[in-house]
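**Student:** Mind looking over this structure? Questions follow.
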Amino acid sequence: MSRKLDDLFLTRARQRGLLSASQVQALQDEIGERNEPDLGAHELAVEKGWVGVEAALALLDARPEDTVADLAARIEDEDEDAQALEPESTGRTADTERFQAVHDVEIELRSGLGEPATVEVIDRIPVTNDHQVDIDLLHEAPAAERYAQEELDHPIEGGRRWEVNLGAGGRKKIELRYQVVLRARDELMGGNRRD
């Protein structure tokens, strides 16, 4: 795997707050230890569940038809310039410029019970039918299962469900991060009930 490609991915993930400094270091260490030439930092971050597939590709400005070899070749062709992976600048308009908004959700659970309890938590990430808007799940901890609410005969999309075991008087936190990517000329209005 291209060292330059790994460096670009890790730098962008760190700058955008998708990976902590300790996660970046852990990825670099594990890549060195595993000594697998085809293993990239972006693949390892996805494997660990720290970054979603879509987010990893977005950090590398990958086009749908790109392979890892294509990305590595593009960056190797350019001399150390990280801008080599930027989409072609010809023909860029307000329709092709993209805007990203990253949303973090933390749900803190506290038990006031004197005995262990299991808590079911259900939440949603936004969904859209607009092909100009992408919504990507970047991170969740602990991992959730998809939830469609079918038992209520009113199915939903984007549902996430956790079963959390709390000890007597225990505390746990659920973390969820997603990004909304849309054309720069568009804007998000309303819908964010958490602010």
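**Student:** Residue separation times 0.36 nm, minus the C-alpha to C-alpha distance between Glu108 and Lys173: what's the value?
**Tutor:** Between Glu108 and Lys173, full extension yields 23.0 nm more.
**Student:** Say R0 is 25 Å: what FRET efficiency, to the nearest 0.05, do Gln100 and Asp66 get from their beta-carbon distance? Intermediate results must be reported in sequence, preceding the final value.
**Tutor:** Details: r = 19 Å, r/R0 = 0.75.
About 0.85, to the nearest 0.05.
**Student:** Right, something else. Considering only the other residues whose Cβ falls under 13 Å of the Cβ of Arg160, what net charge follows from Lys and Arg at +1 and Asp and Glu at -1?
**Tutor:** Combined, the nearby Lys, Arg, Asp and Glu give -3.
**Student:** Mind listing the long-range amide H neighbours of Tyr147? Cut-off is under 5 Å, sequence gap 5 or more, other chains count too, H placed in the peptide plane at 1.01 Å from N.
**Tutor:** The answer is Gly159, Arg160, Arg161.
**Student:** Further question: In what order do Val105, Val180 fall by count of nearby beta-carbon atoms within 10 Å, going from fewest to most?
**Tutor:** Val105, Val180
**Student:** Moving to a separate point now. Starting with the fewest neighbours, write out Phe99, Phe9 ranked by other beta-carbon atoms found within 10 Å of each beta-carbon.
**Tutor:** So the ranking, lowest neighbour count to highest, is Phe99, Phe9.
**Student:** Round to the nearest 0.05 the FRET efficiency obtained for Arg124 and Gln15 when R0 = 25 Å and r is the Cβ-Cβ distance. List each step's numbers first, then the result.
**Tutor:** On the way: r = 28 Å, r/R0 = 1.12.
For Arg124 and Gln15, the calculated efficiency is 0.35.
**Student:** Taking square-rooted eigenvalues a ≥ b ≥ c of the alpha carbon gyration tensor, is region 98-183 rounded, prolate or oblate, where a/c under 1.5 means rounded and, failing that, a/b exceeding b/c means prolate?
**Tutor:** Because a/c hits 1.5 or more and a/b fails to exceed b/c, region 98-183 counts as oblate.
**Student:** What relative contact order, as a whole-number percentage, does region 98-183 give when Cα pairs under 8 Å and 6 or more residues apart are counted?
**Tutor:** Numbers: 178 pairs, mean separation 44.7, N = 86.
This gives 52 percent for region 98-183.
**Student:** I would also like to ask the following. What residues have an amide H closer than 5 Å to that of Asp66, excluding those fewer than 5 places away on the same chain, when H is modeled at 1.01 Å from N in the peptide plane?
**Tutor:** none
**Student:** I've got another one for you. With a point put 7 Å past each Cα toward its Cβ, work out how far Val53 is from Val133 in nm, to one decimal.
**Tutor:** Taking the two extended label points, one gets 2.3 nm.
Any read-out appearing in this document is the output of simple, stated calculations on the displayed coordinates, not a laboratory observation. Values in this document were obtained by computation on a predicted structure and should not be read as measured data. FYI the Cβ positions are ideal-geometry reconstructions off the backbone, even for glycines, and counts take in every protein chain you see.
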